[in-house]
Amino acid sequence: MNERLKIYDEKMTKTMKSLESELQAVRAGRANPHVLDRIMVDYYGSPTAIQQVANVQVPEARMITITPWEPKMVKAINKAILTSDLGINPSDDGRVIRLVFPELTEDRRKQLVKDVKKKGEGAKVAVRNIRRDGNEMLKKLKKSEEVSEDEVSDDEEQLQKMTDRYIKKIDTAIEEKTKELMTI
């Protein structure tokens, strides 16, 4: 791949990584510590990730335990979880917080699948926008006659193949997450 297209490949890679992290945060009825990744807790006045102030474990398939390193953090972590969009009420014994994930209903599964597909479409749009930016850059190069027409058409072809490859990766990720969500 030539240097002109490298930046677009990097942007598409970032889009794919962003989608993967969003998909990890979608809970599928099983306990997944990644659902806590975006939840910030107030730690001495600064927002901090739960994993940086507590030990997070998955002792059972549908339970996450959070053991804060400082006992006074229990209330702050509870509050952060309650105000998040997680939709789970934490329970604690003063030292350990437990998150029990209920079995997903059929309706909730279908809603999550819709959300996942929407995120996938957003990622595809982002990839196509990156391709458009690349094509515009190539047209400017062609107009300024810095690069030959043959080189520009080769680059356009490479950019399209790159776009197709990332769209296929996105489809695969969405398909896998959908399968995971619909598996009971």
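The values are calculated or read from the model by the stated rules, or taken from the named source; none is laboratory data. The structure displayed is predicted, hence computed values, not measured ones. Using ideal geometry, Cβ is built from the backbone for each residue, glycine included, and neighbour counts are taken over all protein chains shown. Side chains are part of the model used for accessible areas, which takes the heavy atoms of the whole protein and leaves out ligands, DNA and RNA. Shrake-Rupley method; radii C 1.70, N 1.55, O 1.52, S 1.80 Å.
So for the stretch 131-154 (the condition being under 13 Å from Leu19 (Cβ atoms), assigned to a helix (DSSP H, G or I) and either in contact with a helix residue (DSSP H, G or I) (Cβ under 6 Å, 6 or more places away or on another chain) or aliphatic (A, V, I, L, M) (or both)), does at least one residue qualify?
No, the stretch 131-154 contains no residue that is under 13 Å from Leu19 (Cβ atoms), assigned to a helix (DSSP H, G or I) and either in contact with a helix residue (DSSP H, G or I) (Cβ under 6 Å, 6 or more places away or on another chain) or aliphatic (A, V, I, L, M) (or both).
Somewhere in the stretch 80-89, is a residue hydroxyl-bearing (Ser, Thr, Tyr) and either under 22 Å from the mean Cα position of the chain (by Cα) or open to solvent by 90 Å² or more (accessible area, probe 1.4 Å) (or both)?
Initial filter on the stretch 80-89 (hydroxyl-bearing (Ser, Thr, Tyr)): 83-84.
Okay, now just the ones that are also either under 22 Å from the mean Cα position of the chain (by Cα) or open to solvent by 90 Å² or more (accessible area, probe 1.4 Å) (or both), so 83-84.
Yes, the stretch 80-89 contains at least one residue that is hydroxyl-bearing (Ser, Thr, Tyr) and either under 22 Å from the mean Cα position of the chain (by Cα) or open to solvent by 90 Å² or more (accessible area, probe 1.4 Å) (or both).
So which residues in the stretch 58-79 are closer than 14 Å to Thr48 by Cα, open to solvent by 80 Å² or more (accessible area, probe 1.4 Å) and either in contact with an Asp or Glu (Cβ under 6 Å, 6 or more places away or on another chain) or not hydrophobic (A, V, I, L, M, F, W, C) (or both), if there are any at all?
Lys79
Can you tell me which residue among Asp155, Asp133, Asp171, Asp164 is acidic (Asp, Glu) and open to solvent by 80 Å² or more (accessible area, probe 1.4 Å)?
Going through Asp155, Asp133, Asp171, Asp164 in turn, the sole match is Asp164.
Consider Leu104 carefully, then state whether it is open to solvent by less than 30 Å² (accessible area, probe 1.4 Å), touching a residue at least 60 places away in the same chain (Cβ under 8 Å) and either within 30 Å of Asn55 (Cβ to Cβ) or small (Gly, Ala, Ser) (or both).
For Leu104, the condition - open to solvent by less than 30 Å² (accessible area, probe 1.4 Å), touching a residue at least 60 places away in the same chain (Cβ under 8 Å) and either within 30 Å of Asn55 (Cβ to Cβ) or small (Gly, Ala, Ser) (or both) - is met.
Looking for something among the hydrophobic types (A, V, I, L, M, F, W, C), without any contact (Cβ under 8 Å) to a residue 60 or more places away in the chain and surrounded by 12 or more Cβ atoms within 10 Å (Cβ to Cβ) - is there at least one such residue anywhere in the stretch 5-19?
yes
Could we say that Asp115 is within 16 Å of Val26 (Cβ to Cβ), within 23 Å of the chain's Cα centre (by Cα) and open to solvent by 70 Å² or more (accessible area, probe 1.4 Å) here?
The answer is no for Asp115.
State all residues of the stretch 91-145 that are small (Gly, Ala, Ser) and over 30 Å from Met162 (Cβ atoms); if no residue qualifies, say none.
Ser91, Gly94
Which one is nearest to Thr105 (Cα to Cα), of the residues in the stretch 30-54 that are open to solvent by less than 70 Å² (accessible area, probe 1.4 Å) and more than 21 Å from the chain's Cα centre (by Cα)?
Taking the candidates together, the pick is Ala54.
Quick check: is even one residue across the stretch 163-176 without any contact (Cβ under 8 Å) to a residue 60 or more places away in the chain, outside any helix (DSSP H, G or I) and on the phi < 0 side of the Ramachandran plot?
Looking through the stretch 163-176, none of the residues is without any contact (Cβ under 8 Å) to a residue 60 or more places away in the chain, outside any helix (DSSP H, G or I) and on the phi < 0 side of the Ramachandran plot.
Looking at Val116 and the list (1) modelled with pLDDT under 90; (2) among the β-branched types (Val, Ile, Thr); (3) touching a Lys or Arg at 6+ places or on another chain (Cβ under 9 Å); (4) under 30 Å from Thr48 (Cβ atoms), which single condition is not satisfied?
(1)
For Gly94, are the conditions met, namely being touching a Pro at 6+ places or on another chain (Cβ under 9 Å), at positive phi and either modelled with pLDDT of 85 or more or loosely packed, with under 11 Cβ neighbours inside 10 Å (or both)?
The answer is yes for Gly94.
May I ask you to verify whether Arg109 is surrounded by fewer than 16 Cβ atoms within 10 Å (Cβ to Cβ), in contact with a Gly (Cβ under 9 Å, 6 or more places away or on another chain) and either more than 30 Å from Lys168 (Cα to Cα) or not hydroxyl-bearing (Ser, Thr, Tyr) (or both)?
No.
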